[in-house]
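Colleague: Below you'll find the structure I mean.
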Amino acid sequence: MPHLLMHWFTAGSIPTLVAAVLAAAAVLLFLANAVRLSIIDFRSHLLPNRILGPWFISAAVLLGAAAVLAGEPMMLLRMVLGAVILFTGYLLLHLAVPAGMGLGDVKLAAVLGLYLGFVSYPHLFWATALAFMIGAVFALVLILARRASARTAVAFGPFMLAGAAIALGMAG
């Protein structure tokens, strides 16, 4: 995403510049909420609706307007489909193993799907794969350090956010 923003900032047209500012605002919103939600989830194993709901709406408006102003209607479509794809995938995981995946994670997946879909479909995959890999390594370290067992609940939201942040940071 950094390369895309730089391209838009230097494109020269006013609509594209405004698109870059809107997308940059969405990135700042991502960073602020990622830190906030990671702390909350590590402490309480909760991802509050009072944060997720407004974040989803704000990200959809900022990124959607950026896509339209930049003349990139496919970005808008990918955003919507990204949110649907990740929401559905995480919902299926929640339904299969309710104790292993909370509904907060499912709702967070919809938000992250907006951002990742905005960039590309492969970013949906890579962010998700990274989340599960980072989460697995973290859990393994806890188990090896004897600070947890295989049955210990581990907050997954921070790993979802980390996977998305890495994928977005590498996006062109």
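Colleague: How many residues, within the range 134-169, are hydroxyl-bearing (Ser, Thr, Tyr) and under 15 Å from His45 (Cβ atoms)?
Modeller: 1
Residue by residue, here is whether (1) touching a residue at least 40 places away in the same chain (Cβ under 8 Å); (2) assigned to a helix (DSSP H, G or I); (3) of a type in the set (Val, Ile, Thr) holds:
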site: Gly89; (1), (2), (3): no, yes, no
site: Leu92; (1), (2), (3): no, yes, no
site: Ala99; (1), (2), (3): yes, no, no
site: Gly104; (1), (2), (3): yes, yes, no
site: Leu108; (1), (2), (3): yes, yes, no
site: Tyr115; (1), (2), (3): yes, yes, no
site: Trp126; (1), (2), (3): yes, yes, no
site: Phe132; (1), (2), (3): no, yes, no
site: Gly135; (1), (2), (3): no, yes, no
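Colleague: So for the range 103-119 (the condition being surrounded by fewer than 21 Cβ atoms within 10 Å (Cβ to Cβ) and over 17 Å from Gly53 (Cβ atoms)), does at least one residue qualify?
Modeller: no
Colleague: For the list (1) open to solvent by 80 Å² or more (accessible area, probe 1.4 Å); (2) in contact with a helix residue (DSSP H, G or I) (Cβ under 8 Å, 6 or more places away or on another chain); (3) over 19 Å from Ala167 (Cβ atoms), I need the number of the one condition that Leu92 fails.
Modeller: (2)
Colleague: Still on this model: Which residue pairs have Cβ atoms closer than 7 Å, lie 6 or more positions apart in sequence or on different chains, and pair a first residue in the range 3-14 that is closer than 13 Å to Val119 by Cα with a second residue that is open to solvent by 50 Å² or more (accessible area, probe 1.4 Å)?
Modeller: Final answer for the pair search is His3/Gly172; Leu4/Gly172.
Colleague: A follow-up question, please. Mind checking which residues of the range 10-49 are open to solvent by 50 Å² or more (accessible area, probe 1.4 Å), more than 14 Å from Met160 (Cβ to Cβ) and over 17 Å from the mean Cα position of the chain (by Cα)?
Modeller: Selection gives Thr10, Ala11, Gly12, Ile14, Pro15, Leu17, Val18, Val21, Arg43, Ser44.
Colleague: Go through (1) over 14 Å from the mean Cα position of the chain (by Cα); (2) open to solvent by less than 20 Å² (accessible area, probe 1.4 Å) and name the single condition Leu52 misses.
Modeller: Result: Leu52 passes all but (1).
Colleague: Going by what's in this entry, would Ala155 be described as assigned to a loop (DSSP other than H, G, I, E, B) and touching a His at 6+ places or on another chain (Cβ under 7 Å)?
Modeller: Yes, satisfied.
The values are calculated or read from the model by the stated rules, or taken from the named source; none is laboratory data. Computed from a predicted model, the values in this text were never measured in an experiment. Here Cβ is always computed from backbone atoms with ideal geometry, including for glycine, and neighbour counts include all displayed protein chains. Only protein heavy atoms, including side chains, enter the accessible area calculation; ligands, DNA and RNA are left aside. Shrake-Rupley method; radii C 1.70, N 1.55, O 1.52, S 1.80 Å.
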